[in-house]
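So the structure is just underneath, and the comments pick up after that.
The values are calculated or read from the model by the stated rules, or taken from the named source; none is laboratory data. Here the structure is a predicted model, which is why all the values come from computation and not from measurement. Because the Cβ atoms are built from the backbone with ideal geometry, glycine has one as well, and the counts that use them run over all protein chains shown.
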Amino acid sequence: MPASRVNRRALAAILLIGVSSGCGGLDQANAAGVTPGDLVSEVATRLATPGPAYTATYRVAGGDTAHVTRSLTPDRTAYDYPGGRLIRTPAAVTSCTPDVCTATDPGDAVTLPETSGLVTDARVVALLEAAALDSYPEVTQRDTTLAGRNATCLAITGVERAEMSSFDVCVTVEGTLAGFRGDGIDVVLTEYAPTAEERDFTVPPGARLVDRRSK
């Protein structure tokens, strides 16, 4: 059996260790021949793999509250933050202020305004993938519970290939972002519901919709 497959299986078992394990998971990973890069890659895969629908409430830097809602049928994500909302659906990417929403052509990648306080899963996955390929990242693992969800947290430093040289990230067992800290972003999961309300994917009441899609 290829060594990479053995490492993946050992790593998967390590990541399922209970929350009482603290940093022991990383020690056991090292003993099993799993590198820090393997651990980072596994967490990136968990976050990148579509999971169940959910609504996540976050505390962001400054103490404000923001929400992320995700559904899979169809694949949609809504980011609701103080002063705005961004909705990604197969039909459009719609960016809203309290008074105006602008719809543009659909796409997988979305860019949130810095004032949102949020970070997209895609951006975190890109950071993790870059760290996994780095030669000498320093990775510290801990397991915790946030908003009642078990999560694996990684503190990563010394990264040369990513846009951030150091950052902390937590991902739940379901694959939901539970926390991120780095480059002025500070996001912590405070509430979690395994549902996605249809109203979260609609233009806020009273906002004017400007359609700038090419078709």
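At a glance:
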quantity: Single unsatisfied condition, Arg213 versus (1) outside any strand (DSSP E or B); (2) surrounded by 15 or more Cβ atoms within 10 Å (Cβ to Cβ); (3) on the phi < 0 side of the Ramachandran plot; calculated: (2)
quantity: Test for Glu114: is it over 19 Å from Arg59 (Cα atoms) and either under 15 Å from the mean Cα position of the chain (by Cα) or not hydroxyl-bearing (Ser, Thr, Tyr) (or both); calculated: no
quantity: Condition check for Gly179: assigned to a strand (DSSP E or B) and under 12 Å from the mean Cα position of the chain (by Cα); calculated: yes
quantity: Single condition Tyr136 does not satisfy, out of (1) in contact with a Lys or Arg (Cβ under 6 Å, 6 or more places away or on another chain); (2) assigned to a loop (DSSP other than H, G, I, E, B); (3) among the aromatic types (Phe, Trp, Tyr); calculated: (1)
quantity: Residue tally, condition within 19 Å of Leu72 (Cα to Cα) and either among the small types (Gly, Ala, Ser) or in contact (Cβ under 8 Å) with a residue 12 or more places away in the chain (or both), over region 179-201; calculated: 8
quantity: Filter result for Pro50 (part of a loop (DSSP other than H, G, I, E, B), modelled with pLDDT under 95, under 21 Å from the mean Cα position of the chain (by Cα) and over 21 Å from Thr144 (Cβ atoms)); calculated: yes
quantity: Residue that is farthest from Ala44 (Cα to Cα), among those in region 133-158 that are of a type in the set (S, T, N, Q) and crowded, with 17+ Cβ neighbours inside 10 Å; calculated: Gln141
quantity: Subset of region 165-176 that is part of a strand (DSSP E or B) and in contact with a Gly (Cβ under 8 Å, 6 or more places away or on another chain) - its residue that is surrounded by the most Cβ atoms within 10 Å (Cβ to Cβ); calculated: Val169
quantity: Filter result for Arg161 (in contact with a Leu (Cβ under 8 Å, 6 or more places away or on another chain), basic (Lys, Arg) and surrounded by fewer than 17 Cβ atoms within 10 Å (Cβ to Cβ)); calculated: yes
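Residue by residue, here is whether (1) modelled with pLDDT of 95 or more; (2) farther than 29 Å from Gln141 by Cβ; (3) not assigned by TED's automatic domain parsing to the domain that holds Ala178 holds:
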residue	(1), (2), (3)
Arg46	yes, no, no
Asp75	no, yes, yes
Cys96	yes, yes, yes
Thr102	yes, yes, yes
